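A quick write-up on the structure given underneath.
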Amino acid sequence: MSRRMTQWAGQSGVFRLDELGRSVSDPSRYRDAMRELGCKLGRCLTSMIPAEARVYLVCTVEDADFLARGLLDVLVPHLSGGELRLACFWNQRQKVGAPRGISLAPIVRRYEEPLPERVDVLVVLKSIISGACTVRTNIAELVGRISPERILVVAPVVFSGSEDTLREQFAADVSARFEFVYLAEDDERDVESGIVTPGIGGNVYSLLGFGDQDEKNRYCPELLLERGGVT
């Protein structure tokens, strides 16, 4: 196993990922560590996104109150002349076909703030990008409606090769707009579970205290209630 730290990590990124690994037996501590990673990623984005930009952020329900909240805490004050609107999707991961099958992640519930007339940057946030099926679904759901100039795919950790995997699933005019921002790249999976190691320490649903996917999809993030409810 090897872990490659990126230009975005720095000492603070290494520390935050190490803290995440130390928190895997304590959901409250793990949530705090994930929020701090969101703050770290937010600081990375402030160097890439102009203060006057119109930003649309899409996250998954499990990331909303933790990773996404941390990112928003940093990025929103930066956008002094712009604005940020949010979408959150409840994805239901499933595998279709045997024995190998393909992975899908249809959206079963959603929260979407009104789309502005123009979006400069679509930020697609995920706790880890591995097979990329959830990220693919969430980009595809929005990209045709908002036609952003840039698409930033953001995560603490990605699995080696996931950038190419994601690009290959979109037309060239869309994938050419992709920019990836992540702190670490891992290249090993557990053979049985498919979980990336060290990744983010295991299955993010259970690590955050949600138990399983069904429980996760019954959760309504506090962040969304604060911003006006769920549609």
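How large is the helix-only mean residue ellipticity at 222 nm for the chain, computed as the sum of -39500 (n - 2.57) over DSSP H runs with n ≥ 4, divided by its residue count, in deg cm²/dmol to the nearest 500? Can you show the working numbers first?
Details: 9 runs with 81 residues, N = 231.
The helix contribution divided over the chain gives -10000 deg cm²/dmol.
Any idea what the relative contact order of the chain is, in percent, if you count C-alpha pairs under 8 Å spaced at least 6 apart? Write down the numbers at each step before the final one.
Numbers: 431 pairs, mean separation 55.2, N = 231.
It comes to 24 percent, rounded to a whole number.
Fully extended, how many nm does the chain gain between residue 28 and residue 215 (0.36 nm per residue separation, minus their Cα-Cα distance)? All intermediate terms of the calculation are to be shown ahead of the outcome.
Numbers: separation 187, 0.36 × 187 = 67.32 nm, distance 1.69 nm.
Going from the current span to full extension adds 65.6 nm.
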**Asked** Of (1) 49, 44, 31; (2) 46, 40, 33; (3) 53, 45, 38, which is the value of Cα extents along the principal axes in Å derived from the coordinates here?
**Response** (2)
**Message:** Give me the extension gain from residue 191 to residue 117: residue separation times 0.36 nm, minus the current Cα-Cα distance, reported in nm with one decimal.
**Reply:** 22.1 nm
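Output the antiparallel fraction of DSSP beta bridges having both residues in the chain, as a percent to the nearest 5.
Values: 13 of 39 bridges.
Just about 35 percent of them are antiparallel.
May I ask you to compute the full-extension gain from residue 222 to residue 76, defined as 0.36 nm times their residue separation minus their alpha-carbon distance, rounded to one decimal in nm?
Numbers: separation 146, 0.36 × 146 = 52.56 nm, distance 1.75 nm.
Here the answer is 50.8 nm.
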**Prompt:** Is any residue of segment 107-147 close enough, with backbone N under 17 Å, to a label point placed 7 angstrom from the Cα of residue 179 along the Cα-Cβ axis, and if so, which?
**Reply:** 119-126, 147
**Prompt:** In debye, nearest 20: dipole of segment 3-224 around its Cα centre with unit charges on the Cβ of K, R (+) and D, E (-)?
**Reply:** 160
**Asked** Which is the longest stretch in the chain that no exposed loop site breaks, taking sites as GluC sites (Glu not before Pro) with a DSSP loop state and at most 14 other Cβ atoms within 10 Å?
**Response** 53-116
**Cα centroid of segment 16-85 to Cα centroid of segment 134-169, whole Å** = 17
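FYI, it's all coordinate maths here, none of it is from the lab. Bear in mind the structure is a predicted one, so any value in this text is a computation, not a measurement. Virtual Cβ from ideal backbone geometry, glycine too; neighbours counted across all protein chains shown.
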